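Asks: Mind looking over this structure? Questions follow.
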Amino acid sequence: MEDRFLYSEADDTIFIKIEGNATMKNSKTLSDLLAEIFKGEKKNLVFEMSDCNYLDSTFLGLIAKCALEIKKTWNSTLYIMNASNMVLSGLKQTGIDKFVEKIEDSSLQLKTSELEKQDFSDKKEKTLHILEMHKTLMELNEKNKETFQNVVNMIEKDLNK
């Protein structure tokens, strides 16, 4: 399955279907879209994840950032729909599950359009993005702080070269 994001909007809800692997390699595409979404009017935001095969820590950080931003900006909740056991495990291990609402609905039929893939302009922009997502995870709880501290230290050391 191709790694991609599909987008659909119905009434006051935005659906983003995440297919394949969700990693630092494709996180900029979704990160840019979310930045635009949060500039607009309040919407319900749903990540449909039935076909998501894998999440890396950078992408988990992006989900955490989105969940925190939607709470701060719109006093609302990020919805995770039809998450696989793998996705649920990643959300639980990082504590993100406490900041999202999980829903199941296998009957949902959406007319979607594929998001155009965006890439980082350079290595430094990518590194700063990865750093931000891991720092976001660290803010969620002490376990994440311990888990990701070495990653953050390594990235910061690399940036200061």
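The values are calculated or read from the model by the stated rules, or taken from the named source; none is laboratory data. None of these values were measured; they are calculated from a predicted model. Heads up, the Cβs are rebuilt from the backbone with ideal geometry, glycines too, and the neighbour counts pull from every protein chain shown. The accessibility values were calculated without ligands, DNA or RNA, using every heavy atom of the protein model including side chains. Shrake-Rupley method; radii C 1.70, N 1.55, O 1.52, S 1.80 Å.
Asks: Note down all Cβ pairs under 7 Å where the first residue falls in segment 30-43 and is in contact (Cβ under 8 Å) with a residue 24 or more places away in the chain, the second is open to solvent by 50 Å² or more (accessible area, probe 1.4 Å) and outside any helix (DSSP H, G or I), and they're at least six residues apart or on different chains.
Replies: Within 7 Å, the pairs are ASP32/GLN118; LYS43/ASP12.
Asks: Exactly one condition in (1) without any contact (Cβ under 8 Å) to a residue 60 or more places away in the chain; (2) open to solvent by less than 60 Å² (accessible area, probe 1.4 Å); (3) in contact with a Phe, Trp or Tyr (Cβ under 6 Å, 6 or more places away or on another chain); (4) under 16 Å from ILE16 (Cβ atoms) is not met by THR73; state its number.
Replies: (4)
This table checks each residue for (1) under 11 Å from the mean Cα position of the chain (by Cα); (2) under 20 Å from SER8 (Cα atoms).
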position	(1), (2)
THR29	yes, yes
SER50	no, yes
THR77	no, yes
LEU91	yes, no
ASP105	no, yes
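Asks: Just to check your reading of the model, which residue among GLU139, GLU116 is open to solvent by 100 Å² or more (accessible area, probe 1.4 Å), outside any helix (DSSP H, G or I) and charged (D, E, K, R)?
Replies: GLU116
Asks: Exactly one of these conditions fails for ASP32: (1) open to solvent by 30 Å² or more (accessible area, probe 1.4 Å); (2) part of a helix (DSSP H, G or I); (3) farther than 22 Å from ASP97 by Cβ; (4) touching a helix residue (DSSP H, G or I) at 6+ places or on another chain (Cβ under 7 Å). Give me its number.
Replies: (4)
Asks: Can you spot a residue in segment 91-105 that is out of contact with any Ser or Thr (no Cβ under 9 Å at 6 or more places or on another chain) and modelled with pLDDT under 90?
Replies: yes
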